[in-house]
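Down below is the structure, laid out as structure tokens.
The values are calculated or read from the model by the stated rules, or taken from the named source; none is laboratory data. Predicted, not measured: the structure shown is a model, and the values here were computed from it. Here the Cβ positions follow ideal geometry from the backbone for every residue, glycine too, while neighbour counts run over all protein chains shown.
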């Protein structure tokens, strides 16, 4: 009886020792520098990896995850809007020019477009950043109640911020009642240039 008890104790001690040895060896491999992350402080939920870089959660970037990804979008933008296709005769190729503001939302992965389609009522259109490539975004199709009230719908839309971060191109499809009260579907291209004011 005592022998069985001793065997269980010895087996338990050996199992614990083996576990501790494995943990110790994995943390102290030859050539591994455990000091690289010692003085690195990652912000906003980021964590340091073996190369002393911070791995940032979606919505944050830079070496310490201190910058919201949407910060590169927040500005006033001059817009050239061109109707690339329309199911109503005479609208294709029509250009219009106006200014929008891209503004912060409550989350680091979304932003608002204000004065969409040069309409003061079409504001707070939500755009969501792509989680893989933050230079790409999707335009929300249901966030603007006032647009729906006016019988104006965004059916689909996406955009891309260029590498130098001073222009955005976007494409979207809308459906709305035109001046003849008929439903019109347009495919639209936006080219946006950043304003400094």
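Table: residues versus (1) surrounded by fewer than 14 Cβ atoms within 10 Å (Cβ to Cβ); (2) assigned to a loop (DSSP other than H, G, I, E, B); (3) at pLDDT below 90.
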site: 17; (1), (2), (3): yes, no, yes
site: 31; (1), (2), (3): yes, yes, yes
site: 50; (1), (2), (3): yes, yes, yes
site: 65; (1), (2), (3): no, yes, no
site: 89; (1), (2), (3): yes, yes, yes
site: 93; (1), (2), (3): yes, yes, no
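Output the residues belonging to the stretch 95-123 that are under 17 Å from residue 168 (Cα atoms) and in contact with a helix residue (DSSP H, G or I) (Cβ under 6 Å, 6 or more places away or on another chain).
Scanning the stretch 95-123 gives 98, 111.
Within the stretch 106-129, work out how many residues are surrounded by fewer than 19 Cβ atoms within 10 Å (Cβ to Cβ) and either under 13 Å from residue 147 (Cα atoms) or free of Cβ contacts under 8 Å to residues at least 24 places away in the same chain (or both).
Number satisfying all stated conditions: 11.
Where residues in the stretch 145-183 are crowded, with 17+ Cβ neighbours inside 10 Å and in contact (Cβ under 8 Å) with a residue 60 or more places away in the chain, which of them is nearest to the chain's Cα centre (by Cα)?
By that ranking, first place goes to 161.
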